[in-house]
Amino acid sequence: MLSPRQELLLSKVVEGFSATGQPVGSKALAADPDVTFGPSTIRNELAVLEERGLLAHPHTSAGRIPTDAGHRYFVDKLLPARRETKGELQLALVRREVDEAMRVTTETLSQVTNLLAIVSAPPIATTTIRHVEVLPLQPQVLMVVVITSTGGVSKRVFTFDRAIDPGLADWASSYLNEQLTGMGVGARMLGARLNDPGLQPTERAFIAQLAPAFTELAQTAENTLYVDGAARLLSEHRFQDVSQLNDLLEALERRVSILGVLSQALDERDIYVRIGGENEMPALRSLSLVAGNYGLAQRNLGTVSVIGPTRMDYARAIITVREAALQLSRFVEDIYEAP
């Protein structure tokens, strides 16, 4: 545990380094009106903080910079003691579809924090079927359109050996809406609803051919990530190792590994913070991640996160991510029925 004096100096070094990206020297600290003790005391206390692994002393500079451990102490011990203010994030999400709401959240989050923002959309398996259309495109080709409760649209084209009776397609639209509206996309009962022994053989065979548009919907849908601010991250953070930059860009392109990292935040009650070397993914080991989850009272649906240099403004990032997650939770409450 640090003394109040050591905690004050650690805070000043973290804040100074965050603001300038340059090591903070004892002269700058002595000139700070909040620091009321002399230069020799400052130097001694900085040496103690360095011995404890909270500060580092670059050989080219007389100043200190915070280590990952120093940033962690600052985030865990010093930020919570401060009076938390409401973030300036205001998301205009009313009457938007989910896809548009996710984009607005990501863009706004990146603009407010000046960091890379990533938002994961709710899994399609958590939604319900709102409406179905069976649309003839050509005499032997039709398209099945499925609209989910979150406004997501899935389209699947089917080709038949012979011309399709337009009346059969119209009947299928009505029948499928009657049978499937309100059912969960990943529900086990979907198959049973589509296999009705009371139907005429022609109708039953036709529905069976269209069934994959519904039974395979959850399996074939990709988990969607919304990303904004990559240019901000690259201009803000100087990568000492070019391979780290390539790894991060590849991870953002593949998205699977990023989804794995963000999924860890789904189980957190509050904001999830990983600093530098605490990150398991090599591409993030020189960066920091701040993430929060959003969803319903009984179920988390996705994550809101920012990625930036370890010298990011953690107070601003944490407050903004928490506010974005809160506003997204309010938004999804209006379009989901809690289990």
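The values are calculated or read from the model by the stated rules, or taken from the named source; none is laboratory data. Bear in mind the structure is a predicted one, so any value in this text is a computation, not a measurement. Heads up, the Cβs are rebuilt from the backbone with ideal geometry, glycines too, and the neighbour counts pull from every protein chain shown. Side chains included, ligands, DNA and RNA excluded: accessible areas come from the protein's heavy atoms. Shrake-Rupley method; radii C 1.70, N 1.55, O 1.52, S 1.80 Å.
For region 1-62, the relative contact order works out to 33 percent when only alpha carbon pairs closer than 8 Å and six or more residues apart are counted. The convex hull built on the alpha-carbon positions of region 126-231 has an orientation-averaged projected area of 8.1 nm². Across region 251-262, rounded Karplus estimates of 3J(HN,Hα) from the backbone phi angles (6.51 cos²θ - 1.76 cosθ + 1.60, θ = phi - 60°) give 4, 5, 6, 6, 6, 5, 5, 5, 4, x, 5, 5 Hz, Gly and Pro being marked x. Working from Cα pairs under 8 Å separated by at least six residues, relative contact order for the chain is 18 percent. Ordered from largest to smallest accessible area (heavy atoms of protein chains, 1.4 Å probe), the residues His71, His59, His131 come out as His59, His131, His71. Protein heavy-atom accessible surface, 1.4 Å probe, per residue over the chain: 52 Å². Around Val261, what is the net charge, scoring Lys/Arg as +1 and Asp/Glu as -1 over all other residues with Cβ under 10 Å from its Cβ? Neighbourhood net charge equals 0.
Under 5 Å from the amide H of Thr67 lie the amide H atoms of Leu55, Ala56, each residue being 5 or more positions distant or on a separate chain, with H modelled from the backbone and absent for Pro and chain starts. Taking all protein chains together and a 1.4 Å probe, the residues Ser174, Ser18 rank Ser174, Ser18 from largest to smallest accessible area. Checking every one of the trypsin sites (Lys or Arg not before Pro) in region 247-300 against DSSP loop status and a limit of 15 other Cβ atoms within 10 Å picks out Arg269. When the trypsin sites (Lys or Arg not before Pro) in region 162-231 are filtered for DSSP coil states and for at most 16 other beta-carbon atoms within 10 Å of their beta-carbon, the remaining sites are Arg162, Arg188.
Sorted largest first by accessible area at a 1.4 angstrom probe radius, with every protein chain in place, the residues Leu249, Leu109 fall in the order Leu249, Leu109. For region 99-108, 3J(HN,Hα) computed residue by residue from phi via the Karplus equation (6.51, -1.76, 1.60; θ = phi - 60°) reads 4, 5, 4, 5, 5, 4, 4, 5, 4, 5 Hz, glycine and proline entered as x.
For Lys27, the aspartates and glutamates whose Cα falls under 15 Å of its own Cα, not counting residues fewer than eight places away in the same chain, are Glu45. Database remark: amide H of Leu301 closer than 5 angstrom to the amide H of Tyr294, Gly295, Leu296 (H placed geometrically; neighbours at sequence offset of 5 or more, or on other chains; Pro and chain starts carry no H). Taking every C-alpha pair closer than 8 Å and separated by at least 6 residues, the mean separation divided by the residue count of region 96-175 gives a relative contact order of 25 percent. Between the helical axis of 166-180 and the longest alpha-carbon principal axis of the chain there is an angle of about 50 degrees. Computed across region 273-339, the Kirkwood hydrodynamic radius from all distinct Cα-Cα pairs reaches 12.8 Å. Between the amide H of Ser288 and those of Gly276, Gly308, Thr310, distances stay under 5 Å, these residues lying 5 or more places away or on another chain, with hydrogens modeled in the peptide plane. With axes computed from alpha carbons, what is the tilt in degrees of helix 4-20 against the longest principal axis of the chain, rounded to the nearest 10 within 0 to 90? Value to nearest ten degrees: 60.
Taking chymotrypsin sites (Phe, Trp or Tyr not before Pro) as exposed when DSSP calls them loop and at most 14 other C-beta atoms lie within 10 angstrom, the chain has its longest site-free stretch at 161-339. Using a probe of 1.4 Å, the accessible surface attributed to Ile258 totals some 0 Å² when neighbouring protein chains are kept in position.
What the phi angles of region 72-80 give under the Karplus curve with 6.51, -1.76 and 1.60, with θ = phi - 60°, is a coupling list of 5, 4, 4, 5, 7, 9, 9, 5, x Hz, glycine and proline written as x.
Expressed as an acute angle from 0 to 90° and rounded to the nearest 10, what is the orientation of the C-alpha long axis of helix 201-210 relative to the principal long axis of the chain? Long axis of 201-210 versus the principal axis of the chain: about 20 degrees.
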